[in-house]
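Working notes, structure below.
The values are calculated or read from the model by the stated rules, or taken from the named source; none is laboratory data. All values derive from a computational prediction rather than experimental measurement. For neighbour counting, all protein chains shown are included, and Cβ atoms are generated from backbone atoms with ideal geometry for every residue, glycine included.
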Amino acid sequence: MHTETLAPGQKTEIRVEQKKQIKLIGSTRKVPGHTMFELNLETQEIKQAEYQEGTVYAYTEKSHEHQHRLKLVVKENCIYVQALNKKNAFKKLAKIK
């Protein structure tokens with residue numbers, strides 16, 4: 001076993017890379033007439049959230065159906081809320097904090 005002694009004032013540094021994990025906190029249905037807004041916690045900026053379109057295929061014995069589904073693009077350090085407009089989104093986010 002190899003050991004080294006450090007001189008006074010020297011520091012050691014150990015870096016460990018962690019895997020990036022996304023944890024599902026919950027899901028919600030889209031409320032008709034509302035818009036999904038995102039608040040960036042670092043810049044305190046509120047803007048409309050972005051969606052990614054995907055297609056879901058359902059095969060049955062009688063028919064082959066497909067539906068277009070929208071998936072929210074989740075970004076780091078952001079909180080998402082549905083509201084009628086930007087002003088109401090700000091009020092809802094103020095209650096969360």
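From Glu65, Glu61, which residue is out of contact with any helix residue (DSSP H, G or I) (no Cβ under 6 Å at 6 or more places or on another chain) and either basic (Lys, Arg) or not in a strand (DSSP E or B) (or both)?
That would be Glu61, the only listed residue that is out of contact with any helix residue (DSSP H, G or I) (no Cβ under 6 Å at 6 or more places or on another chain) and either basic (Lys, Arg) or not in a strand (DSSP E or B) (or both).
Determine, yes or no, whether Ala89 is at pLDDT 85 or above and in contact with a helix residue (DSSP H, G or I) (Cβ under 6 Å, 6 or more places away or on another chain).
no
In the range 74-97, which residues are hydrophobic (A, V, I, L, M, F, W, C) and not in a helix (DSSP H, G or I)?
Matches in the range 74-97: Val74, Cys78, Ile79, Val81, Ala83, Leu84.
Checking the condition of a type in the set (Lys, Arg), surrounded by 10 or more Cβ atoms within 10 Å (Cβ to Cβ) and either touching a Lys or Arg at 6+ places or on another chain (Cβ under 7 Å) or touching a residue at least 12 places away in the same chain (Cβ under 8 Å) (or both), which residue from Lys92, Lys86, Lys47 passes?
The conditions single out Lys86.
How many residues does the range 34-56 contain that are touching a Leu at 6+ places or on another chain (Cβ under 7 Å) and either modelled with pLDDT under 80 or part of a loop (DSSP other than H, G, I, E, B) (or both)?
The qualifying residues number 2.
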